[in-house]
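Written below as structure tokens is the structure these notes are about.
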Amino acid sequence: MSTKEQILVTSPLLPDLKEFNKSLEQIWESRWMTNNGSFHQQLEKALAEYLGVEYISVFTNGTLPLITALQALELTKGEVITTPYSFVATTHSIWWNGLTPVFVDVEPSTGNMDPEKIESAITPNTVAIMPVHVYGQPCDNERIEAIAKKHGLKVIYDAAHAFGVKKNGESVLKWGDISTLSFHATKVYGTIEGGAIVCQSKEMKKKIDNLRNFGITDEVSVAYPGINGKMDEVRAAFGLLNLKQVDAAIAARKKVAEQYRAAFDGIEGITYLLEQPNMRYNYGYFPIFVDEKKYGLNRDALYGKLRGKNIFGRRYFYPLISTFEPYRTYPSAALSNLPVATKMADEVLCLPMHHLLTNEQIAYIIEVIKN
Ligand code: T4K
């Protein structure tokens, strides 16, 4: 295989262009571009069915659902317990609502928030917990929600990575008060930019839909200081077509994961996250963890070596959110509070993982890591 070709960490899922053109013709003909149009309505219906959830509101990206979720739950002051091991949008959404993020450490087996650490971080000011199903690995929902119930806290899952993920045949999006999704181009299922909120009642969906449209409740009334989070018709049409092929894409990703796992079982110092039983995963990411002592190179050296061979992995999620400028002075951002997350962030490398990787490309990546 030529090393001239760049192998990127991901590749977007694209609908058939001819089919997409047909949708565009319909949009042109209707002259209806956005604001709850026909494709938008069809997409919400189709997503609810595909995901096995009742109430879903699509958004223009995956960050506004996080911000809006906190507003829908009327959390206006206090602390929100969250994970530093995520994309920065998770913590930003807390900040944007004038709330205080409180970081807790994660579990090494999943990279998700450690329920024990949650309980000890609760103060009289705590109002909610915002866990992330990082890489689509489901959180320990039973323990998290038992803690939330005991202390009267809301739970908002950042499920940006958990599109189509199920535990015991049930969508993980049904957990907690609200879950949010991202349909960014780099995700398993995408609408170019896009996202959604999944909630548990008709009334809550109505409120979220209003918040997504400036808080407008009718032609002459505005009930909340809402935002413009609406998805346009072009992206809704794109998303509808992508839904038809997402299962095939997940199946292709699963095969990539199987090849990686088989190969890394034989490489000292390279580990990966183990699958938990009774889950349906989406294989959105393939993080490996590099133990310098055993492997002989540290993560950054391997990252650089792969780049030198035209293999562009990404260090998701390094650096930890808690080390970024806006958050590093928070008491909970202290390294001593986050030893597991710090170690994971220092050792992680997400390898190329998408539906278009060829067996030759996978073998080439494995070969470079082996040598
Ligand atoms: N919560 C969590 C847990 C999240 O992970 C995210 C987003 C969010 C919330 C917020 O959702 P959004 O508001 O983004 O919908 C990417 C994505 O931009 C971001 O969506 C994602 N998480 C995050 C983990 O990764 P970058 O800065 O790594 O993207 P970029 O542009 O470097 O692209 C990564 C790779 O993908 C490159 O190798 C090139 C390839 N690529 C990228 C794009 C955009 C393509 O092949 N085609 C493309 O169109 O952030």
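So here's what we get for this one:
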{"read-out": "Stokes-Einstein D for the range 60-153, Kirkwood Rh over Cα pairs, 4 °C, 1.567 mPa s (µm²/s)", "value": "97 µm²/s"}
{"read-out": "Descending principal axes extents, the range 81-228, alpha-carbon based, whole Å", "value": "50, 38, 28"}
{"read-out": "For the range 237-371, convex hull volume per residue from C-alpha positions, Å³", "value": "165 Å³"}
{"read-out": "Per-residue Cβ neighbour rank within 10 angstrom, fewest leading, Phe103, Phe289", "value": "Phe289, Phe103"}
{"read-out": "Computed FRET value (nearest 0.05) for Asp16 with Thr123, which takes r as the C-beta separation and R₀ as 41 Å", "value": "0.20"}
{"read-out": "Cβ-Cβ FRET estimate between Gln259 and Ser221, R0 fixed at 51 Å, reported to 0.05", "value": "0.35"}
{"read-out": "Listed residue pairs exceeding 28 Å between alpha carbons, taken from Lys18/Lys187; Lys343/Lys370; Lys150/Lys207; Lys254/Lys370; Lys187/Lys230; Lys167/Lys294", "value": "Lys167/Lys294"}
{"read-out": "Overall dimensions of the range 233-273 by Cα: Rg and Dmax, Å", "value": "16.2, 50"}
{"read-out": "Inter-label distance for Glu142 and Leu297, nm, one decimal - labels placed 7 Å from Cα along Cα-to-Cβ", "value": "4.2 nm"}
{"read-out": "Residues Ser336, Ser57, Ser109, Ser171 arranged by fewest to most Cβ contacts within 10 Å", "value": "Ser336, Ser109, Ser171, Ser57"}
{"read-out": "Measure of compaction for the range 185-287 (Cα Rg per 2.2 N^0.38 Å)", "value": "1.55"}
{"read-out": "Residue-averaged 222 nm ellipticity for the chain, from DSSP H runs of 4+ at -39500 (n - 2.57), nearest 500", "value": "-11500 deg cm²/dmol"}
{"read-out": "Per principal axis, descending, Cα span of the range 145-200 in whole Å", "value": "40, 23, 17"}
{"read-out": "Cα pair count fraction exceeding 41 Å, expressed as % - the chain", "value": "13 percent"}
{"read-out": "Packing-based ranking, highest mean first, of 83-96, 137-150 given that Cβ atoms within 10 Å are counted", "value": "83-96, 137-150"}
{"read-out": "Which of Tyr272, Tyr327 has the fewest Cβ neighbours within 10 Å, and the rest in rising order", "value": "Tyr272, Tyr327"}
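All of the numbers you see were taken from the coordinates with simple rules; none came from a lab. Just so it is clear, the model here is predicted, and its values are computed rather than measured. Positions of Cβ are generated from backbone atoms using ideal geometry, with glycine treated the same way; all protein chains shown enter the neighbour counts.
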